[in-house]
Amino acid sequence: MKAHIVTLPGDGVGPEVTAAAVAVLQAVAARYSHEFSFEEQAIGGCAIDAFGEPLPAAALAACQQADAVLLGAVGGPKWSDPNAPVRPEQGLLALRAALGVYANLRPLQVHPALAALSPLKNEKLKNVDVLFVRELTGGAYFGAKTRTADTATDECKYTVAEVERVVRRAFDLARDRRRHVTSVDKANVLETSRLWRSTVQRIAADYPDVKLEHQLVDSMAMLLLTQPSRYDVVVTENLFGDILTDEAAALAGSLGLLPSASLGEGSNGLYEPIHGSAPDIAGQNVANPTGAILSAAMLLRHSLQLEAEAVAIEAAVDHVLTHGPHTRDIGGQASTTQIRDAVLAAFEAHADTAEAFFS
Ligand code: NAD
Ligand code: IPM
Ligand code: MN
């Protein structure tokens with residue numbers, strides 16, 4: 001198949017991990033006879049430096065016309081002055097809003113070879129397989145902001161329609177998994193959470209085959225650590241989802257491991273690792289590209305409907321996590337490019353085996 005993919009490497013380690021993910025997509029194209037064209041555009045701090053704005057019109061237009069968008073990360077100390085008039089993160093938020101990608105899928109699995117890196121006891125990490133569905137285009141991120149010398153506000157607003165579409169997505173996804181949805185809110189305090197909870201309850205009636213539970217976000221933060229294997233699909237609002245998924249990454253062993261897919265109604269999705277620009281390790285060729293490479297696998301699955309290719313990448317990543325090499329964040333010495341090469345080698349070996357099997 002033909003597909004046009006826009007890449008937004010961004011700042012810090014973004015370009016390093018995106019390059020690894022693009023190399024893997026190129027290998028997929030060669031191996032499976034697809035024609036993928038890649039177009040690089042600027043977003044974030046580097047776009048502010050070059051064009052004065054974090055999401056230049058040309059970058060947005062390219063993303064809107066693409067079959068899928070692969071993003072690295074934005075932000076960094078250079079652009080983090082609290083009084084800065086324009087910020088890299090605004091570019092990312094504007095892009096998510098413009099693409100209408102309201103459902104952010106963040107899968108968490110704990111690889112057995114890495115269980116020792118987790119702060120939790122190994123037995124708690126068996127069978128951890130959670131799919132977080134984070135609402136991505138509403139809530140406090142997008143409400144009105146005000147600021148005077150001594151007061152600031154961030155409005156947190158949700159409409160029923162905004163809640164309904166992401167919650168339906170979560171229930172639909174649960175039907176292909178273990179049929180269990182946990183909805184996380186703060187309905188004991190927040191009005192938006194009460195609207196969220198009553199909407200979830202109404203929608204759940206359409207999914208009698210899916211078990212629903214509600215959990216308050218503070219206790220959820222604790223339960224995620226004490227009983228992570230209990231959860232299947234976890235759906236929550238924007239800010240809670242941001243925080244809980246970085247917490248979840250600690251179970252996996254590193255923030256560098258987790259991918260994400262941001263989806264709207266069309267097939268054009270936005271794919272990015274959940275980590276940031278990691279300024280402390282940027283430019284050293286040591287960032288873990290696994291989250292970015294697994295995001296590329298999600299791109300193949302969700303935007304291009306190339307399930308076999310996605311599985312082949314995931315198998316290659318699994319092989320490298322099992323046998324090494326590993327980057328520093330997960331206890332190894334390997335560089336970003338060495339992991340890229342190891343995943344490419346495992347991918348080719350896997351494809352050879354599959355070909356031999358089917359021929
Ligand atoms: P961060 O995710 O960049 O880094 C947190 C810690 O995790 C650091 O110690 C970092 O070295 C480590 N880490 C992150 N990714 C890694 C990888 N691939 N391999 C190995 N280690 C990795 O979070 P932060 O430091 O809070 O934020 C830095 C900047 O990134 C901020 O400007 C923030 O706004 C931005 N950010 C952007 C995105 C995004 O573009 N999607 C996401 C999160 C944060
Ligand atoms: C993420 C990031 C972003 C968010 C920031 C950079 C705007 O933390 O993708 O998780 O909060 O959504
Ligand atoms: Mn985050």
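Laboratory data are not the source of any read-out in this text; all were calculated from the coordinates shown. On a predicted model such as this, the values are computed, not experimentally measured, just so you know. Cβ sites come from the backbone with ideal geometry, for glycine too, and all protein chains shown count toward neighbours.
Values as computed for the structure displayed
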quantity	calculated
Calculated on alpha-carbon atoms, Rg and Dmax of the stretch 241-359 in Å	15.0, 48
Among GLY75, GLY256, GLY143: highest mean-square fluctuation, GNM of the chain, C-alpha pairs under 10 Å	GLY143
Contour excess over end-to-end distance, with Cα ends at GLU35 and ALA57 and 0.36 nm allotted per residue	5.3 nm
Whole-number percent relative contact order across the chain, with pairs defined as alpha carbons under 8 Å at least 6 apart	21
Helix-only [θ]222 nm of the chain, DSSP H runs n ≥ 4, -39500 (n - 2.57) each, per residue, nearest 500	-14000 deg cm²/dmol
Two-site label geometry, GLU355 and LYS78: point separation in nm, points 7 Å out along Cα→Cβ	4.3
Cα→Cβ-extended label distance, 7 Å offset, between ALA152 and ARG202, nm	3.5
More than 33 angstrom apart: percent of Cα pairs within the chain	27
Choice from VAL160, VAL317, VAL69 showing the highest fluctuation, given a GNM over the chain with Cα pairs closer than 10 Å	VAL160
The stretch 119-252, relative contact order [Cα under 8 Å, separation at least 6], %	39
For the chain, built as a Gaussian network whose Cα springs stay under 10 Å, the top-fluctuating residue of HIS34, HIS302, HIS180	HIS34
For ARG197, ARG178, order by how many other beta-carbon atoms lie within 10 Å, fewest first	ARG178, ARG197
From phi via Karplus (6.51, -1.76, 1.60), per-residue ³J(HN,Hα) for the stretch 260-276 in Hz, x at Gly/Pro	8, 10, 10, 10, x, 7, x, 8, 6, x, 10, 10, 7, x, 7, 6, x
Tail fraction, Cα-Cα pairs, the stretch 298-342, threshold 13 Å, whole percent	58
Label-zone membership for the stretch 330-344, site ASN285, 7 angstrom Cα→C-beta point, backbone N under 14 Å	334-342
Förster radius 22 Å - calculated FRET efficiency between LYS145 and VAL189 (Cβ-Cβ, nearest 0.05)	0.55
Proxy reagent accessibility, fewest Cβ within 10 Å first, across SER335, SER37	SER37, SER335
Net charge contributed by nearby residues that have their C-beta within less than 12 Å of ILE281 (K/R +1, D/E -1)	-2
Footprinting exposure proxy for TYR32, TYR271 (fewest neighbouring C-beta atoms within 10 Å first)	TYR32, TYR271
Shape box of the stretch 119-252 [Cα atoms, principal axes, largest first, Å]	51, 38, 23
Residue among VAL128, PHE36, GLY291 farthest towards the positive dipole end of the chain, charges placed on Cβ	VAL128
Lysines whose Cα lies under 21 Å from that of LYS186, excluding same-chain neighbours fewer than 8 positions away	LYS157, LYS211
log₁₀ of I(q)/I(0) at q = 0.10, 0.18, 0.20 Å⁻¹ - the stretch 1-160, Debye sum with one point per alpha carbon	-0.52, -1.21, -1.28
